[in-house]
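Readers should treat all values here as calculations from the given coordinates under stated rules, not as data from a laboratory. As the structure is a computational prediction, the values presented were derived from the model and not from experiment. Don't worry about glycine lacking a Cβ; one is built from the backbone with ideal geometry, like all the others, and counts go over all protein chains shown.
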């Protein structure tokens, strides 16, 4: 079939030429083969008739012969079977007869053995009983003899008394056991045996004799009784023995007689059974013999019938075979003729069909040549714009096809005729996504033509693809970039550059090939997997995040290609097409191929064009004999214009905006998420149809690190994360601590929209405030630890399960967190400890940290172990060095990210195997505000969240006095008669109440404000005046003296003082001496009674440096003895030194240290125990408060130094308040005073 129109033009051209050639040759060959086949089949049919006829006759004769031999053999088998049967029956008869006799004999012997056993057992029983009886009798006689001997011995020792009567017989009816008799006799024997005493003990022997004589009669009687009993026992034993022997004899005789009676019938039965079995055996043998003879007769009869049937069948088969052979050979001859006619007709039809299709395809390819001409002067190129619909194909060469030369041999046959064009020009054009990669092999004399063709091909490829959807990698190791210098116009864009530079050095070439290889790994493992066959299939589903094509163009291959680079190039050749990476190589044939790269590798993966004798030929598409016309070089001016158009259009299409709606919940799903087990939120699109989730709370994924250079989309990612979490999870599920150290207002929107999830929001935060946030988070960590211990639980899910109470997860979000650690000071040290404790212990208590930064370079004071705890890493566009820091030392994948929002999610601690490429969704300000408004309204409706208790730190603006809640409460219920009134100076740079100070009635209780920020100074003085007025009631005769020397803000302080219900006076420049003297008189009066409680009086000196009369006279070294009034500067010095002790305090501001030194001496300066400093030089700061801290202050920052305790507190001073608001607050105090 001709090539399909959707195939690449290269394939279409090659296939069309090849197919037309093959078709002409094939049709001619098939027609010739058909004629030869017809003649061959007819000859074969005739020969078959002869050969198979003879074969059938021989087969029939052989079959008859074989049948006869088989019948004879089977007859012998039948006879042998009869003989064997009779012989076997005779043998079985004899064996069975012997078995019967043997069984009978065995039964008789068994009966005889049973009788003998019975007799033996009876005899053994008899012997045992007799022996036992005799043994017992012998023991009795022995015992009797022992008793008689002992009795005789005892009688011999018993003395004969005169009253004893030996003839008297005692009572013998008492029965005594022989053992008892023996025991009693032994006792008597002991009694009547005389002890062996010495002759000196003769009296004891005499006493013993008397005792024996007295009991002799009684003992003789007992001996008679014992002797009688022993004799009776002996007689009884003899009688018992005789009885046992007699009984045993009777038992023996009875057992023998019984055995004989029982076994005699058994022997008789055995003989009878033997006789019956012999008779039955004889009968069975005769029956079996008769049966065997009948079977033999039947088998012979069946064999004869089968022989007759077989003879008839063989004759019939022979006849049928001969008839069939005749019919088949006739049929073969007819089929041969019919087959030839069919082939001729089929070939004619096929030719007619192909003839028409060839003409159509030739016309289509010829028109394609006109649409994509090689000639750069054609309108297709000179009028090209970026709005021209992309063709996804580019011409490389043209082929001049001589059609007549191919078709003439076929046209000589009658059915075939070619009426198409005699020749045609066909395109050799690359087409995405497959046929692009090309190898142009040249010799030195044709190098320029090859380079020109490659340049033209590359430019046409860039025009064939939508702008921004193709990137170039150009390698020019010999000409150092000159070969492709015109393409450097693509590198002039600020964003979305399609070309970085042209590389020529070996290490740079290796790096570029490494980048392409890693890109292919990412495409295969992340995008394609087993879901998509090619990058085009993926891109059709991916939409905006479609991957661009990449073209690698290398001149003078293989120069500067080392072994490692060669292996990477081979990988690109083999798998690049599938990943959208294409290669255009220009090979110098005089240079050998690298060792790891073969000709087969090149020809298998590239279209190979080689110059041979001035002509270009394709080596690996079966067109070795054809030559092609390569494209000429592109005109310099035209190429520059086209490349600039491509560059500018690519910059406009660089950004990718995946809609935020892709990851947000529908309205019914808002606040339906649950964070008991983990925090899970979608933040972007990974691949064509997957979402990328940020997951914190499981395994090692507890804390996250986000980094990317400026413009990489880090802020967008932060907003997506915070907003989407606030949409999915309610304030009972998650709460935020939001800290931004960047010089911007990224988190300001969450304060203005009162995000209910946020407990703390810091905009343009200071390091001190960041530390304060960490301290508060640490307190929460400790609080939760105590809660968990009280309830015996291990984690957040367990606490919720046990208590049934909500406890949200905590997410600390710190943007530009490295600002905390840029200096090696106490702030850094404490922040490091607190952050390390959070990342190590926060997991168990549902507390997580998300740290953002543009770069981690320079964050040396933060422990590496702390960074190691950040299990989740999100890297956006960054340098290779930052990629190693953000991810891991062997993971530089982030360097390949090319556009804003292009990111890598890694939950394996930055290890390479954890990389997941994704695109952050785009969240514009309008949509973000809309979602935050929706959240705010829902929080109001449900009365939940931290809207009221939310702490907001706005470091980019001055603090606003009207937001001071402590002052607002004091203004609502003023005049608490506070002994030491409090002055509110500004918002603290910490999570604590606003910065304030008190002015007790003691020495040094004055306030000095120094710095060149007039607005901030005026704001502090106005706030101080309003604070004092709200605490001290007018009834205490408090007085405010106002010396307003401000410039642009002049008059505000006086107007506020006039609006207050307290007494006040405005000191004018022309009356300063009188005013200061009046105050001095008050001071003198109070010093006369220092222990009394005096009304408070406050002297406000604004812009001290503008009051010349208050400048000390540096040349006055004399002593005055007259009564002239004191100068204002001297009065002021007295007020500073002696006034606070009697309730007169000075609150002043001055611009510089030089002016302070001019206006007052060192002694008077020490009377300012309270000092507020704005930004100034570090030297001035050190002289005033012994620390250069004020030299590091920025805008809207100040330092309060208290001499009493040596503490320094950084704060945000109040800005100028709206005068209408100040007036309204003064009216409140007036109404309170009048009531």
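One table, with the values for the structure above:
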| read-out | value |
| --- | --- |
| The stretch 44-168, Rg to Rh (Cα coordinates; Rh as Kirkwood inverse mean 1/r) | 1.93 |
| The stretch 734-785 - percent relative contact order, Cα under 8 Å, separation 6 or more | 39 percent |
| MRE, 222 nm, helices only [DSSP H, n ≥ 4, -39500 (n - 2.57), over the chain, to nearest 500] | -17500 deg cm²/dmol |
| Mean separation of Cα contacts under 8 Å, 6 or more apart, over the residue count of the stretch 380-637: relative contact order % | 26 percent |
| The chain - percent relative contact order, Cα under 8 Å, separation 6 or more | 8 percent |
| Mean shadow area of the stretch 1172-1218, taken as a quarter of the surface of its Cα convex hull (nm²) | 3.4 nm² |
| Relative packing of peptides 505-517, 675-687 - highest average C-beta neighbours within 10 Å first | 675-687, 505-517 |
| The stretch 425-573: Rg to Rh, with Rh as the Kirkwood radius over Cα pairs | 0.96 |
| Relative frequency of Cα-Cα separations exceeding 21 Å in the stretch 792-854, percent | 37 percent |
| Estimated distance in nm for a label pair at residue 367 and residue 303, the labels positioned 7 Å out from Cα along Cα-to-Cβ | 9.0 nm |
| Bins of 10 Å, starting at 0 and running to the largest distance - Cα pair percent for the stretch 258-346 | 11, 14, 13, 11, 11, 9, 9, 7, 6, 5, 3, 1 |
| Calculated SAXS-style log₁₀ I(q)/I(0) at q = 0.13, 0.16 Å⁻¹ - the stretch 934-1033, Debye, Cα scatterers | -0.59, -0.81 |
| Rule-of-thumb Rg ratio for the stretch 588-655 [Cα; 2.2 N^0.38 Å; N residues] | 1.66 |
| Semi-axis lengths (Å, descending) of the ellipsoid that matches the C-alpha gyration tensor of the stretch 658-943 | 26, 24, 19 |
| At R0 = 22 Å, FRET efficiency that the Cβ-Cβ distance of residue 33 and residue 422 yields, to 0.05 | 0.15 |
| FRET efficiency, residue 316 to residue 559 (Cβ-Cβ, R0 60 Å, nearest 0.05) | 0.10 |
| Mean projected area in nm² (Cα convex hull; one quarter of hull surface) for the stretch 380-637 | 17.1 nm² |
| Alpha-carbon radius of gyration plus Dmax, which is the widest Cα pair, for the stretch 331-374 in Å | 18.8, 61 |
| Where Rh is the Kirkwood radius over Cα pairs, Rg/Rh for the stretch 1143-1235 | 1.08 |
| Proportion of all alpha-carbon pairs of the stretch 292-386 beyond 16 Å (%) | 80 percent |
| Cα-Cα pairs of the stretch 862-982 separated by more than 19 Å (percent) | 70 percent |
| Spin-label proximity, residue 525 to the stretch 888-912 - amide N less than 17 Å from point 7 Å beyond Cα toward beta carbon | 888-897, 903-912 |
| Extension gain, residue 1055 back to residue 334 (0.36 nm per residue minus Cα-Cα distance, nm) | 246.6 nm |
